[in-house]
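A.B. asks: Got a structure for you, questions after.
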Amino acid sequence: MELAVLSGKGGTGKTTIAIALSELSKGSMRIDCDVDAPNLYLFYRGKDKEREAFFGGKKAYIDKAFCIMCGKCKSICKFDAIDNYKVNSFSCEGCGACVIVCENNAIKLISEKTADTVITSLEKGIISRAEMMVGSDGSGKLITSLRKNAKKFSDNEKIIIIDGSPGIGCPVIASITGTNAVLIVAEPTKSGLEDLKRVLSLCEHFGVLTMVCINKYDINLEISSEIEEYVLNKNLFLAGRIPYDDMVRRSINELNPITNYNESQAKKAIEDMWLNIKNKLKI
C-alpha cells in the first residue's frame, strides 16, 4: 500500500503531515521524494545502512586528442555550455547535438553521477532518500529508484508513505505513478485553491484515488468553505481539516514529529484524519 502526500506549492505543511501519518501508521516505510529539498530524515535519528551512486543523466565530454577545434560544437550548442573547447557540466543538458555535428568523433556523452540514494534505518521502518550533487536536478528516474529501494524492505502489511515534491513536475509524476492513493494538502488561500486544482488534474489523468485535507483551515474560513465545496462537487473525499497550531512551529524547530506533542490541536486533527484515511482505504 502506497500513499503519496502532495501539495501544489511548498510551505503547505505537506512534510509535517507526511511525517505524522508515518508515525501513526506504526513502522511504515518512508520515501522522501522531495529530492530537491529533502528534510524528512532530519526528524529522525537513524543510521544509513545502504548508499549507492545514482547516475541520472549524461554530459558531453570533449577528447582533446581527437578535437580539431573546428568550433561546430560551440555553434550548435543551444545552452552555451561549450567554451574554449571545454564543456561546462552545469550548463550542459546532455542533448547530444554536439556529438552529432562532430566529424572527428571527439565528443562523447558520459553518464554523470547526480545523487547518492540512501536507505536510512530507523527504530521502526526505514527512509528511502537521496542526496543530490551540487547543481543537479531532481528527476523522475531518481524518484523511481527511491521507490524501488523502499519496496525491498517492505511487505504487503506495511504502508509506504511518500513525501512528494510540490507542484506537478516530473518528480511528482514519478511519485504518484502506480500508487494506491494520493492525499493533497491544500491551504485556505485563493492561490491554494488553484494549486489544488492543478495537482488534482494530474491525479485525475493517472486515475489514482485522490483525497484532500485542508491545513490551517481556520485562518480563512471563507476560502476553506470554497475548497470544501469544490471537493464536494468533484466527488472527492475530504479526509480532514487541520487547525492552525503554534505547536507545529515548535515541532519543526525541535525536529520532532507533531504526533509527539499531546497538547497539540493539530495532532488530534491528524489522528482523526488518519482514521478517515484508513476507513477509506480499508486498511
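Values in this text are rule-based calculations from the coordinates and carry no lab data. Computed from a predicted model, the values in this text were never measured in an experiment. Note: ideal-geometry Cβ built from the backbone for every residue, glycine included; neighbour counts use all protein chains shown.
A.B. asks: To the nearest Å, what is the center-to-center distance of region 214-283 and region 33-68, using C-alpha atoms only?
C.D. replies: Rounded to whole Å, the Cα centres lie 34 Å apart.
A.B. asks: With a bin width of 5 angstrom, please list the P(r) values of region 148-283 as percents of all Cα-Cα pairs, from the 0 bin to the one holding the largest distance.
C.D. replies: All Cα pairs, binned at 5 Å, distribute as 2, 9, 17, 20, 21, 18, 10, 3, 0, 0 percent.
A.B. asks: If each residue of separation counts as 0.36 nm, what is the full-extension length gain between Thr177 and Asp116 once their alpha-carbon separation is subtracted?
C.D. replies: Residue separation times 0.36 nm, minus the Cα-Cα distance, leaves 19.7 nm.
A.B. asks: What Kirkwood hydrodynamic radius, in Å, does the chain give when the mean of 1/r is taken over all pairs of distinct Cα atoms and then inverted?
C.D. replies: This gives a value of 20.5 Å.
A.B. asks: Given the pairs Lys190/Lys216; Lys9/Lys197; Lys113/Lys151, which span a C-alpha to C-alpha distance of over 20 angstrom in this model?
C.D. replies: In this structure, Lys113/Lys151 lie more than 20 Å apart at Cα.
A.B. asks: Now a separate question. Taking the dipole about the Cα centre of the chain, with the C-beta of Lys and Arg at +1 and of Asp and Glu at -1, give me whichever of Ser224, Thr189, Pro38 is farthest to the positive side.
C.D. replies: Result: Pro38.
A.B. asks: Another question, then. Testing the spin-label approximation: label points 7 Å from Cα along Cα→Cβ at Glu254 and Ile219. State their distance in nm.
C.D. replies: Each label point lies 7 Å from its Cα, and together they span 2.1 nm.
A.B. asks: Something else about it: Would you please classify the overall shape of region 88-209 from the alpha carbon gyration tensor, given that a ≥ b ≥ c denote the square roots of the eigenvalues, rounded means a/c under 1.5, and beyond that prolate means a/b larger than b/c while oblate covers the rest?
C.D. replies: Verdict is oblate for region 88-209.
A.B. asks: Next question, about the same structure. Between 0 and 90 degrees, rounded to the nearest ten: what's the tilt of helix 190-206 against the longest Cα principal axis of the chain?
C.D. replies: 70
A.B. asks: Moving on. Over region 55-113, what lengths in whole Å, largest first, do the semi-axes of the equivalent ellipsoid take, defined as the square roots of 5 times the eigenvalues of the alpha-carbon gyration tensor?
C.D. replies: After diagonalising the Cα gyration tensor, the semi-axes are 17, 12, 10 Å.
A.B. asks: Say each of Ser91 and Leu109 gets a label point 7 Å from the Cα, pointing the same way as Cα to Cβ; how far apart are those two points in nm?
C.D. replies: Output for this residue pair reads 2.0 nm.
A.B. asks: What is the distance, in nm, between label points placed 7 Å from the Cα along the Cα-to-Cβ direction at Ala37 and at Glu263?
C.D. replies: Those two pseudo-labels are separated by 3.0 nm.
A.B. asks: Can you tell which of Leu202, Leu109, Leu122 shows the greatest fluctuation in a Gaussian network model of the chain with Cα springs below 10 Å?
C.D. replies: Comparing Leu202, Leu109, Leu122 in the GNM, the peak value goes to Leu109.
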